[in-house]
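*Asks:* Before I ask anything, let me first share the structure, which is written out below as structure tokens.
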Amino acid sequence: MRKSSAILLPVFLLFSVLSFSQPLFSISTDFTGSHSFKKGQRFFTFGQTIRGEIHFTPKDGAYVWYNYSSPGKFKNSLTAIAKDTATPSEINFKSAAALNIKSFSMGWKHYLVGSGNIEEGWNLYFLAGFGLLSGKVSNKFDTPIDTAKYNLPANPVNGEGRFKRLTFDVAAGYEIPIGMAVYMYGEARAFIPASDYPSKYLFVNDNAPFILSANIGLRVLFD
């Protein structure tokens, strides 16, 4: 009973706010260019974000976004070590990786300058929230390795696998109205890993992937 009350209380408060404040709604979409900065796992990728917003007040609201991207590609140099002295001591080879990422995030949006429904001027805002980043990675070794004679590195393994990360998501944006309740914005975002669930398919697991993105898009306001 206590668990049910704890879950229902935030929902009740949210619907109470919605009922009395009559908030506005926005839908936005943007083109995204992202870069992974972690050494050993650096790549560029392009994608799209779809975001919904509830404006509780002209200055504050909540957001939910879904982001997906094209595969980011990178290579790693690896070494296989011989198990005995009857074979060459080591073999150097490369792993070609393709990393595909999708992200779901929800949190708060606050306007530092302007508001969500201005008709002229400009806006400056920030967002902060928590997300779930899911990825699919494919590794292909350029040299076949006989595992009966050589020990392979623990990471990455040859083949395809999936992983997930909790993230702390922050963003800052600049926005201008262009007419008919449509706004154009530019935004910078950071997806900061908040959890480490090791994956044998990733060459780097510690605080990775660490991604920054630049975005440009349109927001439509509904009242």
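We did not get these values from a lab; they are worked out from the coordinates using the rules stated. Computed from a predicted structure; not experimentally measured. Here the Cβ is made from the backbone with ideal geometry for all residues, glycine too, and neighbour counts use every protein chain on show.
*Asks:* For Cα extents along the principal axes in Å, pick the label among [x] 78, 50, 21; [y] 57, 43, 35; [z] 65, 38, 31 that corresponds to the value derived from the coordinates.
*Replies:* Here Cα extents along the principal axes in Å agrees with entry [x].
*Asks:* Separate question: In square nanometres, what is one fourth of the surface area of the convex hull spanned by the alpha carbons of region 58-104? Provide the component values of the computation, followed by the final result.
*Replies:* Values: hull surface 24.0 nm².
Its average projected convex-hull area is 6.0 nm².
*Asks:* Can you give the local net charge around Glu160? Use residues other than it whose beta-carbon is closer than 10 angstrom to its beta-carbon, Lys and Arg +1, Asp and Glu -1. Mind showing how you got there, number by number?
*Replies:* Values: positive: Lys136, Lys140, Arg162; negative: none.
My count for the surroundings of Glu160 gives +3.
*Asks:* In terms of Cα to Cα distance under 27 Å, which lysines are near enough to Lys109, apart from those fewer than 8 places away along the same chain?
*Replies:* Filter leaves Lys59, Lys164.
*Asks:* Let me ask something else about it. On a 0 to 90° scale, report how tilted helix 2-21 is relative to the longest principal axis of the chain, with both axes built from alpha carbons and the result rounded to the nearest 10.
*Replies:* Taking the Cα atoms of the chain, the angle to 2-21 is about 50 degrees.
*Asks:* Using the Karplus curve 6.51 cos²θ - 1.76 cosθ + 1.60 with θ = phi - 60°, work out ³J(HN,Hα) for each residue of region 106-117 in order, rounded to whole Hz, and write x for Gly and Pro.
*Replies:* Values, residue by residue: 9, x, 10, 10, 10, 8, 6, 10, x, 7, x, 10 Hz.
*Asks:* Projected onto the charge dipole of the chain (+1 at Lys/Arg Cβ, -1 at Asp/Glu Cβ, origin at the Cα centre), which of Phe203, Ser103, Met180 gives the Cα projection farthest towards the positive end?
*Replies:* Phe203
*Asks:* Which residue, chosen from Asn139, Phe163, Leu152, occupies the Cα position most advanced towards the positive end of the dipole of region 131-178, where the dipole is computed from +1 (Lys, Arg) and -1 (Asp, Glu) charges on Cβ about the Cα centre?
*Replies:* Most positive-ward Cα: Leu152.
*Asks:* Additional query: Can you give the local net charge around Trp122? Use residues other than it whose beta-carbon is closer than 14 angstrom to its beta-carbon, Lys and Arg +1, Asp and Glu -1. Could the numbers behind the result be given before it?
*Replies:* Numbers: positive: Arg219; negative: Glu119, Glu120, Glu175, Glu187.
Residues close to Trp122 contribute a combined charge of -3.
*Asks:* Still on this model: Pulled fully out, how much extra length does the chain show between Lys149 and Ala190, if you take 0.36 nm times their separation in residues and subtract their Cα-Cα distance?
*Replies:* Numbers: separation 41, 0.36 × 41 = 14.76 nm, distance 4.34 nm.
Additional length available on full extension: 10.4 nm.
*Asks:* Still on this structure, I have one more. Compute the semi-axes of the equivalent ellipsoid of region 124-171, taking the square root of 5 times each eigenvalue of the Cα gyration tensor, and list them largest first in whole Å.
*Replies:* They are 38, 10, 9 Å, listed from largest to smallest.
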